[in-house]
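The next block holds one structure in the form of structure tokens; read it before the comments.
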Amino acid sequence: GAGVSQSPSNKVTEKGKDVELRCDPISGHTALYWYRQSLGQGLEFLIYFQGNSAPDKSGLPSDRFSAERTGGSVSTLTIQRTQQEDSAVYLCASSLLASSGNTIYFGEGSWLTVV
Amino acid sequence: KQEVTQIPAALSVPEGENLVLNCSFTDSAIYNLQWFRQDPGKGLTSLLLIQSSQREQTSGRLNASLDKSSGRSTLYIAASQPGDSATYLCAVDKAAGNKLTFGGGTRVLVKP
């Protein structure tokens with residue numbers, strides 16, 4: 001497809017389990033971002049990847065969160081030992097370059113519920 | 001730390017009225033400011049991007065202004081339509097990398 005694709009669209013998991021969320025960016029986009037949207041915190045930056053550079057992980061809320069991007073394309077966000085406060089929509093986005101003026105395109109998100 | 005505020009949090013207008021959405025930010029050292037639209041259960045769609053050197057951007061019925069020195073941006077939507085009902089978010093980019101700080105959004109309802 002032409003847009004940013006995320007899977008799963010919905011995930012319910014038990015507290016303490018690990019989850020993986022997947023993002024397929026727009027083909028040719030070198031920059032990939034993960035954001036989190038929750039009721040209490042609004043939209044927050046988590047991490048971004050730009051080409052082969054080291055990712056900017058400054059927004060990850062704890063060491064239970066990690067992300068990788070294989071082959072400069074698909075990315076996986078992993079949350080270990082999930083907690084109820086991790087319940088949120090995880091939004092992936094991509095842009096041609098990670099520089100000012102480049103339009104950013106968002107996927108529809110992965111809705112995570114931790115019970 | 002950059003903080004972005006959007007007031008009001010919700011707005012309801014009759015069809016045909018002009019919409020005025022406000023965004024304020026605390027740190028004027030930004031590269032750009034962006035306005036997004038979010039429909040329920042969906043991702044964000046970029047509407048307008050204003051570079052820090054610009055004062056406004058226009059696209060169709062949408063016009064966004066930027067006053068960097070006072071830390072404010074306004075999104076105007078002319079002749080509102082029911083299809084404009086959505087949540088509108090503004091975001092600022094401090095480091096030119098689309099590492100955005102978002103406001104809390106304004107939820108708009110345009111009544112037919």
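Only the coordinates and a few stated rules stand behind these numbers; no lab work does. Since we're looking at a predicted model, the values are computed, not measured. Positions of Cβ are generated from backbone atoms using ideal geometry, with glycine treated the same way; all protein chains shown enter the neighbour counts.
In this simple spin-label model, placing a label point 7 Å from the Cα along the Cα-to-Cβ direction at both B:Asp27 and A:Arg64 gives a separation of 2.8 nm.
For chain A, the relative contact order works out to 38 percent when only alpha carbon pairs closer than 8 Å and six or more residues apart are counted. Using 19 Å as the cut-off for backbone N distance, which residues of segment A:29-65 belong to the label zone defined by a point 7 Å from the Cα of A:Ser5 along Cα→Cβ? Within reach of a label on A:Ser5: A:29-34. Cross-link reach is defined here as a Cα-Cα straight distance under 12 Å, omitting same-chain residues fewer than 8 places apart; for B:Lys1 the aspartates and glutamates meeting it are B:Asp27. Shown in residue order for segment A:87-94 are the 3J(HN,Hα) couplings computed by the Karplus curve 6.51 cos²θ - 1.76 cosθ + 1.60 at θ = phi - 60°: 4, 4, 9, 9, 9, 9, 9, 9 Hz (x for Gly and Pro).
Give the average, rounded to an integer, of partner chain Cβ atoms located within 10 angstrom of each Cβ in A:39-46.
That works out to 4 on average.
For A:Ser38 and A:Thr103, the FRET efficiency from 1/(1 + (r/R0)^6), where r spans their Cβ atoms and R0 equals 25 Å, is about 0.50.
Here the Karplus curve 6.51 cos²θ - 1.76 cosθ + 1.60, taken at θ = phi - 60°, turns the phi angles of segment B:46-51 into couplings of 5, 9, 8, 10, 10, 5 Hz, with x standing for Gly and Pro. Here A:Lys57 and B:Ala95 are evaluated by their C-beta separation; at R0 = 22 Å the FRET efficiency comes out at 0.95.
Taking every alpha-carbon pair under 8 Å whose residues sit at least 6 apart, chain B reaches a relative contact order of 37 percent.
Estimated from the Cβ-Cβ distance and a Förster radius of 41 angstrom, the FRET efficiency linking A:Gln84 and B:Leu109 is about 0.85.
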